[in-house]
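Comments concern the structure below.
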Amino acid sequence: MMKTFSLLFISVAFLLLNSNGSCAQTNASPKDTTDRKWWKEAIVYQLYPRSFKDNDGDGIGDLKGIIAKLDYIKSLGVDVVWLNPIYSSPNDDNGYDVSDYRNIMKDFGTMADFDAMLKGMHARGLKLVMDLVVNHSSDEHEWFKQSRSSRTNPYREYYHWWNAEKGKPPYRYSLFDVHHDAWRYDSLTNAYYLHYFSRKQPDLNWENPKLRHEVYDIMKFWADKGIDGFRLDAFQFAAKDTTFPAFPNGFEKDFTRFYGMQGNLHGYLQEMNQQVLSKYNVMSVAEGAGNTFEDAHNLVDADRNELNMAYAFDGVGIAKREGYSLLHLKQVFTKWDSAFAAKGWLSIFLANHDQARLVSRFGNDSPEFRAVSSKMLTTFLMTMRGTPYYYNGDELGMTNAGFTKIEDYRDVQTLNEYQRQKELGADMQKYLQQIAFESRDNGRTPFQWNNTANGGFTTGKPWIGVNTNYKTINAASQEKDPNSTLNYFRKVVKLRKDNLVLVYGKYTLLDASNPDTYAYTREWNGKKLLILLNFRDKKATTQTGIDVGKATVLIGNYNNPSKNGTLMPYEAIVYELK
Ligand code: GLC
């Protein structure tokens, strides 16, 4: 089975900031949530460097390629770029296996390229958030090389080892291992090391203060360069019960419950905050939000002094090959919003580099509905409370890869699971159909810039196949079309930037039991917006009880927005109510 790495009150009168940033007494919404911060008002554009733009013709995206496209990124209207890892790496997991945290991956360029890229971003008013991958390193990191060299090496305690004379260690599930076994035997010192991800991603030992301070120094190195934030990769798993007790049989079906938020994780985050985060004007976001709302609050509430926000996986995990229930989606987003209505802050997303494409999973990627359903989903993401994270290529409505053979894939998770299924004698045709829908590689095909060879991504041989639909879906052709998904994305981004009500406003779900439409209001400082979304490929009626007769349409994905609550297929409308 492919596990989508699914791998996250108070009601009185509150002090609120109005849109000028000054204070006003109102009971519209609680203080903590409406306390203005740049990272709450930001729209984050996630950029997958390997697939964005290749400058040197080796078939792999690079930093010079990003530099060449900074004007494009700026033109989107977004504020922050989150860059997937660009550090030195043998690329077992596309950079999520770091071998040197202070250097740039050769495929991507040099530190001089990085400095130029950062300067170019800042010159355009764009901020940069870097991925911080410190639940594990690469097995080719010097720390690990030392660590495995002998039991008495000073770096031994940087990782988790289990001496073999104690017998086999209690089973731990690994997400990417061919046999899902997180302990790997190493004959050199007759011991097992722990790897929650692939064998080439040994887990770091956060109990060791030396390791922790190495990480803080690395963070300072990048913060001193002027970067604007960190995304903490898989960090909810960083702390472990290092007595390694046996877990109940079948725990792997719900492994986050056993791996997430263990031990002194919060202590480590408070230390990190005190040592690094509080000293710079940087934002911080955790991948994963634990198992309960309480876990998530403990990560992000301002008075905890840990992180700014986290992203929970409940929403992104809903879409399945056989479809999904909109009622379920509404419940999940509504439940998270209410749990954070008074305190804390969340991120909003439905796609990233660990997921297949937004429109293929949550919308409809047929030629007839691709554009309109992409626009509807974009409207959703940009009108919810929380910081939106938007994945590159989704603004074009890029679709799943259309791969048919295992040789098309590159992702370690997909390939290892293939091998495992084969060993188990599974129906491999079925597995291929499954990964065609859900493999992470679907979201990693090269960005489609234009209709020239390889979609204009590279003059060489791309590291992973370009989607064959690049001739019809590409940025250049969409630039020319005022109605394109790309230009619609720019408009919705601007709408959010122009309306703080979309950032801070209270969210109220309407017509909750409607299985086809998603309707809600956002309200703040006397402004009230109504958002209507049809998630179906046919007309659907929503009953919100709100008269839109006098309302102004702020944006819609049809030229003549519906007026009577009956929405066209995948129609999206944002009204300002009078
Ligand atoms: C995170 C990343 C994913 C990576 C994994 C291991 O989930 O988003 O891409 O494979 O961590 O680092």
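The values are calculated or read from the model by the stated rules, or taken from the named source; none is laboratory data. Predicted model, so just to flag it, every value in this text is computed and none were measured. Quick reminder, even Gly has a Cβ in these numbers, built from the backbone with ideal geometry, and neighbours come from all protein chains shown.
Numbers below:
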read-out	value
Hey, Phe108 hydrophobic (A, V, I, L, M, F, W, C) and under 30 Å from Lys497 (Cα atoms) or not	no
Condition broken by Ile464, with the remaining ones in (1) more than 23 Å from Glu322 (Cα to Cα); (2) within 16 Å of the ligand (Cβ to nearest atom); (3) surrounded by 23 or more Cβ atoms within 10 Å (Cβ to Cβ) satisfied	(3)
Subset of segment 518-564 (residues that are buried (at least 19 other Cβ atoms within 10 Å of the Cβ) and either among the hydrophobic types (A, V, I, L, M, F, W, C) or at positive phi (or both))	Ala519, Trp524, Leu529, Leu530, Ile531, Leu532, Leu533, Phe535, Ala540, Val548, Leu554, Ile555
Filter result for the condition that a residue is more than 25 Å from Asp54 (Cβ to Cβ) and not assigned by TED's automatic domain parsing to the domain that holds Lys528, over Glu479, Glu438	Glu438
Criterion (modelled with pLDDT of 50 or more, aliphatic (A, V, I, L, M) and more than 19 Å from His122 (Cβ to Cβ)) met by exactly one of Ile60, Ile66, Ile43	Ile60
Unmet criterion (only one of (1) within 15 Å of the ligand (Cβ to nearest atom); (2) part of a loop (DSSP other than H, G, I, E, B)) for Met130	(2)
Residue count for segment 184-198, restricted to those that are surrounded by fewer than 21 Cβ atoms within 10 Å (Cβ to Cβ) and either within 16 Å of the ligand (Cβ to nearest atom) or charged (D, E, K, R) (or both)	2
Odd one out for Tyr520 among (1) closer than 15 Å to Leu329 by Cβ; (2) touching a helix residue (DSSP H, G or I) at 6+ places or on another chain (Cβ under 7 Å); (3) among the aromatic types (Phe, Trp, Tyr)	(2)
Wholly within segment 22-112, strands (runs of 3 or more DSSP E) carrying at least 2 residues that are under 30 Å from Ser484 (Cβ atoms) and not aliphatic (A, V, I, L, M)	44-47
Per-region count, segment 340-372, residues more than 16 Å from the ligand (Cβ to nearest atom) and out of contact with any strand residue (DSSP E or B) (no Cβ under 9 Å at 6 or more places or on another chain)	13
Leu269 being touching a strand residue (DSSP E or B) at 6+ places or on another chain (Cβ under 7 Å) and either more than 18 Å from Gly386 (Cβ to Cβ) or among the basic types (Lys, Arg) (or both)	no
Counted residues, segment 302-312 - those being touching a Phe, Trp or Tyr at 6+ places or on another chain (Cβ under 9 Å) and surrounded by fewer than 20 Cβ atoms within 10 Å (Cβ to Cβ)	1
Within segment 233-255, tally of residues that are of a type in the set (A, V, I, L, M, F, W, C) and either over 27 Å from Gly167 (Cα atoms) or assigned to a helix (DSSP H, G or I) (or both)	5
Those residues of segment 356-376 which are of a type in the set (Ser, Thr, Tyr) and either outside any helix (DSSP H, G or I) or surrounded by fewer than 24 Cβ atoms within 10 Å (Cβ to Cβ) (or both), in sequence order	Ser366
Among the residues listed as Phe258, Phe230, Phe221, the single one being surrounded by 20 or more Cβ atoms within 10 Å (Cβ to Cβ) and either outside any loop (DSSP other than H, G, I, E, B) or within 16 Å of the ligand (Cβ to nearest atom) (or both)	Phe230
Segment 149-183: number of residues that are closer than 22 Å to Pro248 by Cα, basic (Lys, Arg) and away from the ligand (no atom under 16 Å from the Cβ)	2
Matching residues in segment 137-156 - criterion: being among the basic types (Lys, Arg) and touching a helix residue (DSSP H, G or I) at 6+ places or on another chain (Cβ under 7 Å)	Arg156
Residue match in segment 318-335 (condition: crowded, with 22+ Cβ neighbours inside 10 Å, within 16 Å of the ligand (Cβ to nearest atom) and hydrophobic (A, V, I, L, M, F, W, C))	no
Selected residue [outside the structural domain of Asp365 (by TED's automatic domain parsing), of a type in the set (Lys, Arg) and modelled with pLDDT under 95] from Lys539, Lys527, Lys563	Lys563
Which listed residue is over 16 Å from the mean Cα position of the chain (by Cα) and more than 18 Å from Leu486 (Cβ to Cβ), from Ser373, Ser366, Ser360, Ser347	Ser366
Flag for Tyr96 being under 25 Å from Gln413 (Cβ atoms), within 19 Å of the chain's Cα centre (by Cα) and surrounded by 17 or more Cβ atoms within 10 Å (Cβ to Cβ)	yes
The one condition in (1) more than 30 Å from Val553 (Cα to Cα); (2) within 25 Å of the chain's Cα centre (by Cα) that Gln429 fails to fulfil	(2)
Some residue of segment 402-418 being under 22 Å from Asn84 (Cα atoms), crowded, with 20+ Cβ neighbours inside 10 Å and more than 16 Å from the ligand (Cβ to nearest atom)	no
First in segment 280-291 and over 17 Å from Pro388 (Cα atoms), second anywhere and acidic (Asp, Glu) and within 16 Å of the ligand (Cβ to nearest atom), Cβ under 7 Å, 6 or more apart	none
